[in-house]
Amino acid sequence: MLRCALLLLATCALLASAQFPRECVTPEGLRSGRCCPTPAGLENDPCGATAGRGLCVPVAVDARPHGPQYPHDGRDDRERWPVRFFNSTCRCNGNFSGFNCGRCRHGFTGDNCDQRVSVVRRNVMQLSADEKLAFVSALDQAKRTVHPDLVIAMRRFQEIFGPDGNTMQFENITIYNYFVWSHYYSVSKTFLGAGQASFGGVDFSHEGPGFLTWHRFHLLQLEQDMQDMLQDPSFALPYWDFAIGGSTCDICTDDLMGARSSFDMNSLSTNSVFSSWRVICESVEDYDTLGTICNSTESSPIRRNPAGNVNRPMVQRLPEPQDVAACLQVNTFDTAPYYSTSDESFRNSVEGYSAPQGNYDPAVRSLHNLAHLFLNGTGGQTHLSPNDPIFVLLHTYTDAIFDEWLRRHSPDSAVYPDENAPIGHNRGYNMVPFWPPVTNAEMFVTAQDNLGYSYAAEWPAQPFTVTEIITMTIVAALVVVAVVFAATTCAVRAKSRREGHQPLLVDQYQRYDDDKSQSVV
């Protein structure tokens, strides 16, 4: 009964495009453009200003030019995010965070957010049986629990006030389904009007430098939502080390992400809790032709058939450990045109449009992209992929690679392009659809020192380059020559010593032998 009640609540529209705090999406709130709520426990104190928590400030938006991939300026609610909806937001002080500064920054807890807490993301295969069960149960709880703060839009902004001008088109959604919805919203097409084909050459979270920063915050938000749900500030999302090679999905077991069904190779085993999950954001044809937006309605079960795409042998194997090692050696974060065609780009390599070594090849799919395609089902379709909870583990490992690259290379923030990246990907762009606004630049930092979490990960050694192999061969040859020369020299000297003394000994013994009467003494 409780589960049914939660699902019913999740699908009830609020009478009161994007996602925002429930208390801001009133006709008055949207018309004012101001979203600066008072934290719980305080009275009439926007952003907790008098308590020193934060201030209500104008939203800063990126005004620099974007790349040529998007030619429809002025037609999409996600442009200059989020000022089409709100132009004022809370800016929190110190370790306070959240839409009303009523939360602690990730990695901190306590009434004053001054107590540090350890959040360590570990390899899911190294969790104990109890830890695996706890993680799977937490994901399932997040799938069933209505988000306590956020609601999602059901219509574009021009229709957001409803037919009567006062019936706000927002609805509740569960914590995990919000995670799915926000990904869908970032990749959805630009609606150009009835009777016109929607524009699909836009993506606010892929095929650009923001791929890594966007998905980093996406995970961070889910992790913190689940910490609040579990009332455990140390809860950490584990990762799946997908760079193991071969054609076996090692996490596709019933104690983790679900084994293959015995009756349908494209379905999950009924022994897995995830076999009862249903996907959202599946009706893309309606979204594209009617201009509607994905809502919280659930439809089909998760589909998955690892290594089952016989038409594309390339995607029937997982990435290899040396692919990660090679990717981490690519020195440049991203290169023009900052797109899926970028060459010698770490970002494009880890995203998987370039070879792990950095060279762009349109036929290649590697690392992140290859892992998605390997799953061969819901997880291999961009607009649906987070519906398969493997998405979480796949992207925590992708983020771990990103964090290791930041740690090794210590890049200046200036290496992240501040203009001419695809729309949504400039350094100062507020990532769509997150609230309160957060820029790509804010996620372009090492996690442990700045974001309140870390990884317990071991990294494969980098295979030697041809130059290094030649150099080592030459050095080894020289060492062998030196050893042989030294050994020969020593042998010659030893022989010389023997040849210098042996005649005396021989003569003496021979003489003794010749002269039988001579005493040996």
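The values are calculated or read from the model by the stated rules, or taken from the named source; none is laboratory data. These numbers were taken from a predicted model, which means no experiment stands behind them. A quick note on method: Cβ atoms are made from the backbone with ideal geometry, for glycine too, and the neighbour counts reach across all protein chains shown. To get the accessible areas, we keep the full protein, side chains included, count just its heavy atoms, and leave off ligands, DNA and RNA. Shrake-Rupley method; radii C 1.70, N 1.55, O 1.52, S 1.80 Å.
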Fill in the blank from the handout: Selection from the stretch 162-179 of residues open to solvent by less than 40 Å² (accessible area, probe 1.4 Å), closer than 20 Å to Phe191 by Cβ and not charged (D, E, K, R) yields Gly162, Met168, Gln169, Phe170
Exercise for the section: Kindly check whether there is at least one residue in the stretch 342-349 that is part of a loop (DSSP other than H, G, I, E, B), open to solvent by 10 Å² or more (accessible area, probe 1.4 Å) and out of contact with any strand residue (DSSP E or B) (no Cβ under 7 Å at 6 or more places or on another chain). Expected result: yes
Practice task
Filter the stretch 196-234 down to residues that are part of a loop (DSSP other than H, G, I, E, B), within 14 Å of the chain's Cα centre (by Cα) and within 18 Å of Tyr176 (Cβ to Cβ), then give me how many there are.
Solution key: 1
Handout entry: Residue count, the stretch 322-336 (criterion: closer than 22 Å to Pro460 by Cβ, over 18 Å from the mean Cα position of the chain (by Cα) and not hydrophobic (A, V, I, L, M, F, W, C))
Key = 4
Practice task
Taking Ala197 as the residue in question, decide whether it is crowded, with 21+ Cβ neighbours inside 10 Å and either closer than 26 Å to Trp81 by Cα or at pLDDT 95 or above (or both).
Solution key: no
Completion exercise
Note on the stretch 28-46: residues open to solvent by 40 Å² or more (accessible area, probe 1.4 Å) and out of contact with any Phe, Trp or Tyr (no Cβ under 8 Å at 6 or more places or on another chain) are Glu28, Arg31, Ser32, Ala40, Gly41, Leu42, Glu43, Asn44, Pro46
Exercise for the section: Could you check the stretch 42-155 for strands (runs of 3 or more DSSP E) lying wholly inside it with 2 or more residues that are over 24 Å from His206 (Cβ atoms)? Expected result: 54-58, 88-92
Fill in the blank from the handout: Exactly one of Val136, Val59 is touching a helix residue (DSSP H, G or I) at 6+ places or on another chain (Cβ under 8 Å) and modelled with pLDDT of 95 or more, and that one is Val136
Practice task
Six or more apart or on different chains, Cβ under 6 Å: which pairs go from a residue in the stretch 457-474 that's at pLDDT below 75 to one that's part of a loop (DSSP other than H, G, I, E, B) and not aromatic (Phe, Trp, Tyr)? Could you list them?
Solution key: Gln462/Gln329
Problem - Unmet requirement for Asp254, which otherwise passes all of (1) part of a loop (DSSP other than H, G, I, E, B); (2) within 25 Å of Arg121 (Cβ to Cβ); (3) touching a strand residue (DSSP E or B) at 6+ places or on another chain (Cβ under 8 Å) - result: (3)
Practice task
State the number of residues belonging to the stretch 407-417 that are part of a helix (DSSP H, G or I) and under 14 Å from Pro209 (Cα atoms).
Solution key: 3
Completion exercise
In the stretch 274-294, residues that are part of a loop (DSSP other than H, G, I, E, B) and either acidic (Asp, Glu) or open to solvent by less than 20 Å² (accessible area, probe 1.4 Å) (or both) total 8
Problem - Test for Val432: is it β-branched (Val, Ile, Thr), in a loop (DSSP other than H, G, I, E, B), within 16 Å of Arg216 (Cβ to Cβ) and open to solvent by 30 Å² or more (accessible area, probe 1.4 Å) - result: no
Problem - Lone qualifier among Asn305, Asn271 - being open to solvent by less than 50 Å² (accessible area, probe 1.4 Å) and not in a helix (DSSP H, G or I) - result: Asn305
Exercise for the section: Taking Met265 as meeting all but one of (1) in contact with a helix residue (DSSP H, G or I) (Cβ under 8 Å, 6 or more places away or on another chain); (2) among the aliphatic types (A, V, I, L, M); (3) assigned to a loop (DSSP other than H, G, I, E, B); (4) closer than 16 Å to Gly379 by Cβ, write down the number of the exception. Expected result: (1)
Completion exercise
Among the residues of the stretch 350-391, the number that are more than 21 Å from Trp181 (Cβ to Cβ) and of a type in the set (Val, Ile, Thr) is 2
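To keep it simple, each residue is scored yes or no on (1) among the aromatic types (Phe, Trp, Tyr); (2) assigned to a helix (DSSP H, G or I); (3) open to solvent by 20 Å² or more (accessible area, probe 1.4 Å).
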{"site": "Arg365", "(1), (2), (3)": "no, no, yes"}
{"site": "Phe374", "(1), (2), (3)": "yes, yes, no"}
{"site": "Gly379", "(1), (2), (3)": "no, yes, no"}
{"site": "Thr382", "(1), (2), (3)": "no, no, yes"}
{"site": "Leu394", "(1), (2), (3)": "no, yes, no"}
{"site": "Tyr397", "(1), (2), (3)": "yes, yes, no"}
{"site": "Ile401", "(1), (2), (3)": "no, yes, no"}
